[in-house]
Amino acid sequence: MTDKVVILGGGPGGYEAALVAAQLGADVTVVDSDGLGGSAVVTDCVPSKTLIATSELMSEMDGAAELGVNFHDHEGDAATGISVDLARVNARVKRLAADQSADIAHRLDKEGVRVVTGRGHLDGPSRVVVGDDTLEADAILVATGAAPRTLSSAEPDGERILTWEQVYDLTELPTELVVVGSGVTGAEFASAYLALGVPVTLVSSRDRVLPGEDADAAEVLEEVLTRRGMTVLSKSRMESVTRDGDVVTVRLTDGRSVQASHCILALGSVPKTGGIGLEESGVELGDGGFVTVDRVSRTTARGVYAAGDCTGVLMLASVAAMQGRIAMWHFLGDAVQPLDLKQVSSNVFTAPEIATVGCSQQAVDAGDIVADVVMLPLDGNARAKMQNVQDGFVKLMCRPGTGIVVGGVVVGPRASELIHPVSIAVSQRLTADQLAHAFTVYPSMSGSIAEAARRLHRV
Ligand SMILES: Cc1cc2nc3c(=O)[nH]c(=O)nc-3n(C[C@H](O)[C@H](O)[C@H](O)COP(=O)(O)OP(=O)(O)OC[C@H]3O[C@@H](n4cnc5c(N)ncnc54)[C@H](O)[C@@H]3O)c2cc1C
């Protein structure tokens, strides 16, 4: 008999699971309320990285004069100013997100997955209700995602006080911007708008930006951002955000305040797990309302799995997708490896980018893992010099005895691409010597990864 799978939520956690389940012969229905692709495609990853594509171009233009490129106006006089048409940028962002969502809908349709549009809820562990429809299921996957956290003292108005989902309705650049929150999302928007030419103040409650990332990487980023003119207010906790006409005021708990034309709130996420019948169906919710799952995505209710941001395991599209696939491999009896967070590679899309994989320097410093660490600045790399890249580094970590690579960090342009060889080394348990012996192109940034691996060679 064909297994019936019902998936609540059409983001990466949900639609990737749907594709696996369909491939394995299940009868699959995806219930989604806000657009296939989920927040990842409609409001979060895809839009923000599309905006950042424009900001990257602006950052590169910044270094044009050093590489001998001058701009001139229509009369041939020297010109230094280039500007961004935010209405066009945001129209492109929305078009790309809509296209990507349509591509996913097309792919699901092609694979025979049924899509039901609407807000669904569980009615016990084997039934999902959407409007008048009741869907019986042998297995349910909950992949409902998360929403931006908001505070009553800083209510977004969608015009000048904005969550990250609302920024794409802007048609003109802010004259001044305050970003509240210096985690990954806050740092990415602050870096992007700075590159677009907006004066930015970043309010950070911690003593440095990106408190969860590699400390050396965060230090480089903060140094670059302040050098480019950003004001970083560290150890500054936001008390309230209010608007009076065109002016937004961000008050801090120490009595100071900052004024700007706009404010973006990046205060973290809350899971969309309330009011959808989870606890009533035996699905345990842990701290903050996240669904409790094990490493094969099982919840506490038999036959109910969960994946992605609603589980709070690691809020990345790639992890959501893997949790969803694992759930289906497990339920449908295919070969399955439990989720291994030590192999996840991730990237902060600031300028410079920060990419990491495997174990962290923090874990090494805390004595949780024994590893040799080498950190190589990029400014010694021939390609970096040619491209006028001054900031960044490659860091590699390997086990002292075996030389097996256990982690790495890359800070620099396109670090998201450069981390891949390190990610392969970590997942395949390659040694630093093996990584060093593979040819790299000369000149190339990846040469620094091989060089760092050579420096880890022990006789
Ligand atoms: C600004 C920003 C940028 C990001 N950039 C990146 C990045 O570059 N790379 C990366 O890996 N991650 C990134 N992330 C994280 C990434 O967006 C999330 O980890 C990812 O979206 C999680 O996928 P998901 O499937 O769990 O949930 P979502 O993508 O949120 O999808 C859940 C879907 O379920 C729907 N839904 C919710 N409740 C119901 C219901 N009751 N019935 C029916 N449907 C429902 C929602 O409307 C939504 O469509 C970013 C996050 C933010 C905030």
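Any chance the stretch 2-20 includes a residue that's basic (Lys, Arg) and more than 14 Å from the ligand (Cβ to nearest atom)?
First, pick out the residues of the stretch 2-20 that are basic (Lys, Arg): 4.
With more than 14 Å from the ligand (Cβ to nearest atom) added as a condition, the list becomes 4.
Looking for residues that are basic (Lys, Arg) and more than 14 Å from the ligand (Cβ to nearest atom), one finds at least one in the stretch 2-20, hence yes.
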Those residues that are surrounded by fewer than 24 Cβ atoms within 10 Å (Cβ to Cβ), part of a loop (DSSP other than H, G, I, E, B) and not small (Gly, Ala, Ser), I need them from the stretch 19-38; list them, please. Leu24, Asp34
Got a sec? Which of Glu16, Glu66 is surrounded by fewer than 23 Cβ atoms within 10 Å (Cβ to Cβ) and closer than 28 Å to Glu353 by Cα? Glu66
Just checking, how many residues over the stretch 36-82 are of a type in the set (A, V, I, L, M), within 16 Å of the ligand (Cβ to nearest atom) and without any contact (Cβ under 8 Å) to a residue 60 or more places away in the chain? 3
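So which of Arg114, Arg88, Arg127 is away from the ligand (no atom under 11 Å from the Cβ), modelled with pLDDT of 95 or more and exposed (fewer than 14 other Cβ atoms within 10 Å of the Cβ)?
On the way: Arg114 fails: exposed (fewer than 14 other Cβ atoms within 10 Å of the Cβ); Arg127 fails: exposed (fewer than 14 other Cβ atoms within 10 Å of the Cβ).
None of the others qualify; the one that does is Arg88.
Conditions tested, residue by residue: (1) crowded, with 24+ Cβ neighbours inside 10 Å; (2) not in a strand (DSSP E or B); (3) not charged (D, E, K, R).
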position: Asp157; (1), (2), (3): no, yes, no
position: Pro174; (1), (2), (3): no, yes, yes
position: Val179; (1), (2), (3): yes, no, yes
position: Gly186; (1), (2), (3): no, yes, yes
position: Phe189; (1), (2), (3): yes, yes, yes
position: Tyr193; (1), (2), (3): yes, yes, yes
position: Val198; (1), (2), (3): no, yes, yes
position: Leu202; (1), (2), (3): yes, no, yes
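Looking at Asp254, Asp138, Asp246, Asp207, which one is closer than 30 Å to Ala26 by Cβ and either open to solvent by 70 Å² or more (accessible area, probe 1.4 Å) or more than 16 Å from the ligand (Cβ to nearest atom) (or both)? Please lay out each step first, then the result.
Values: Asp254 fails: closer than 30 Å to Ala26 by Cβ; Asp246 fails: closer than 30 Å to Ala26 by Cβ; Asp207 fails: closer than 30 Å to Ala26 by Cβ.
Asp138 is the lone residue from the list that is closer than 30 Å to Ala26 by Cβ and either open to solvent by 70 Å² or more (accessible area, probe 1.4 Å) or more than 16 Å from the ligand (Cβ to nearest atom) (or both).
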Checking Leu435 against (1) touching a Gly at 6+ places or on another chain (Cβ under 9 Å); (2) open to solvent by less than 30 Å² (accessible area, probe 1.4 Å), which single condition isn't satisfied? (1)
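So which residues in the stretch 210-240 are part of a loop (DSSP other than H, G, I, E, B) and open to solvent by less than 60 Å² (accessible area, probe 1.4 Å), if there are any at all? Can you show your working first?
So the first thing to find is which residues in the stretch 210-240 are part of a loop (DSSP other than H, G, I, E, B), and the list is 210-214, 228-230, 234-237.
Of everything in the stretch 210-240, those that are part of a loop (DSSP other than H, G, I, E, B) and open to solvent by less than 60 Å² (accessible area, probe 1.4 Å) turn out to be Leu210, Pro211, Glu213, Asp214, Gly229, Met230, Ser234, Ser236.
Say we look at the stretch 338-357 and pick out the residues that are in contact (Cβ under 8 Å) with a residue 60 or more places away in the chain and open to solvent by 20 Å² or more (accessible area, probe 1.4 Å); which of these is nearest to Leu221 (Cα to Cα)? Walk me through it before giving the result.
Quick first cut of the stretch 338-357, residues in contact (Cβ under 8 Å) with a residue 60 or more places away in the chain only: 342-343, 345, 347-357.
Now narrow it down to the ones that are open to solvent by 20 Å² or more (accessible area, probe 1.4 Å): 342-343, 345, 347, 349, 351, 356.
On the way: Lys342: 24, Gln343: 24, Ser345: 19, Asn347: 13, Phe349: 11, Ala351: 8, Thr356: 14 Å.
Top of the filtered list is Ala351.
The values are calculated or read from the model by the stated rules, or taken from the named source; none is laboratory data. All values reported here derive from a predicted model rather than from experimental measurement. Neighbour counts run over all protein chains shown; Cβ positions are idealised from the backbone, glycine included. Calculation scope for accessible area: heavy atoms of the full protein, side chains included, ligands and nucleic acids excluded. Shrake-Rupley method; radii C 1.70, N 1.55, O 1.52, S 1.80 Å.
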